[in-house]
Amino acid sequence: MAIVAPSILSADFNNLLEEVKSVSSAEFLHIDVMDGNFVPNISLGALVYKNLKGKVDMVFDVHLMINDPVKYAKDFISAGADYLTFHYEAVSDVLGTINYIKSLGAKVGISIKPMTDVGVLDPYLEYIDLILIMSVEPGFGGQKFMDNSLDKIRYLYEKRQTNDYLYLIEVDGGINSDTAKQVVLAGCDVLVAGTYIFKSQDRKKIIKELKELWLLKLCVQE
Ligand code: DX5
Ligand code: ZN
């Protein structure tokens, strides 16, 4: 499977509903929340996407790049987050954060920055629904893909195979047709793409092409 998650960070915020509708052939909608503290940029809060809920049939994949995810988790989930992903580097009590988000009724994701070792996630793999591997430094769209993310994806893919874990593996940052192929072959399930989708002439076509990449992985397995 290749799930596509257009990142609204690259959308035109003056026309957000139409922008989101234009990418609604994708299954996930990736929503980047930045606090100007965990990352050097401020993006949007729960109020911005609350009104989109119910207007498109998409899974709301909320990526929190903030320092205190527990404080705001309730707000983000009430506003419609189906998956709520926090950063490993932003909390001291990882398991407590996982359990708290689950208790609020959302699926929980955990993300690591490019310089964080994937092994730090080992103790939590059995509890989480999604792992978000950052393939750029979080904070801005339009950056170049960092290929140290590929080994992390392979590691998580193998761990899942051998242990029957259930998490989805998602990659975020610098995804285009070339890098998408690489991450899918490495074992990625969910492709976040901002610039590549929103700046293209034919968003539907790009989404379709990205979705079809799962066939690549199938071919390699056979
Ligand atoms: C960056 C965000 C990404 C960003 C990706 O911190 O988490 O979701 O929108 O943008 P592109 O696809 O342009 O690299
Ligand atoms: Zn993101």
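Looking at the chain, the accessible area is 46 square angstrom per residue; that uses a 1.4 Å probe and ignores ligands, DNA and RNA.
How big is the antiparallel share of DSSP beta bridges in the chain, given as a percent to the nearest 5?
Working: 1 of 34 bridges.
So the antiparallel bridges amount to about 5 percent of the total.
Rolling a 1.4 angstrom probe over the chain with all protein chains present gives an accessible area of which 50% lies on carbon and sulfur atoms. Qualifying trypsin sites (Lys or Arg not before Pro) in segment 24-123, where qualification requires a DSSP coil assignment and no more than 13 other C-beta atoms within 10 Å, comprise Lys55. Largest first, the extents of the alpha carbon coordinates of the chain on the three principal axes equal 46, 43, 29 Å.
Helices in the chain, meaning DSSP H runs of at least 4 residues, each add -39500 (n - 2.57). Divided by all residues, the mean residue ellipticity at 222 nm is -9500 deg cm²/dmol. The H on the amide N of Asn67, modeled in the peptide plane, is under 5 Å from the matching H of Phe38, each at least 5 residues off or on a different chain.
How large is the convex hull of the C-alpha atoms of segment 79-120 per residue, in Å³?
Details: hull volume 3.3 nm³, N = 42.
Taking only Cα atoms, segment 79-120 has a hull volume of 79 Å³ per residue.
In µm²/s, what is D for segment 45-118 at 4 °C and 1.567 mPa s, where D = kT/(6 pi eta Rh) by Stokes-Einstein and Rh is the Kirkwood radius from Cα pairs? Before the final figure, lay out each step's value.
Details: Rh = 12.6 Å.
My calculation gives 103 µm²/s for D.
Plainly put, segment 1-133 has a radius of gyration that is 0.95 times its Kirkwood radius, both from alpha-carbon atoms, as the Rg/Rh ratio.
Express in % the proportion of alpha carbon pairs of segment 1-63 at distances exceeding 18 Å. Percentage above 18 Å: 31.
Look at where the Cα atoms of segment 105-147 and of segment 6-76 average out, and the two centres are 17 Å apart.
Ranked from highest to lowest mean number of other Cβ atoms within 10 Å per residue, what is the order of the peptides 164-170, 189-195? Provide the component values of the computation, followed by the final result.
Working: 164-170: 17.9, 189-195: 24.9.
Going from most to least packed, we get 189-195, 164-170.
Over segment 78-175, what per residue volume does the convex hull of the Cα atoms give, in whole Å³? Write out the running numbers ahead of the final one.
Details: hull volume 10.3 nm³, N = 98.
That works out to 105 Å³ per residue.
The values are calculated or read from the model by the stated rules, or taken from the named source; none is laboratory data. In this text, all values refer to a predicted model and were calculated from it rather than measured experimentally. Glycine gets a Cβ as well: all are built from the backbone with ideal geometry, and neighbour counts include every protein chain shown. Protein only, heavy atoms only, side chains kept; ligands, DNA and RNA dropped before computing areas. Shrake-Rupley method; radii C 1.70, N 1.55, O 1.52, S 1.80 Å.
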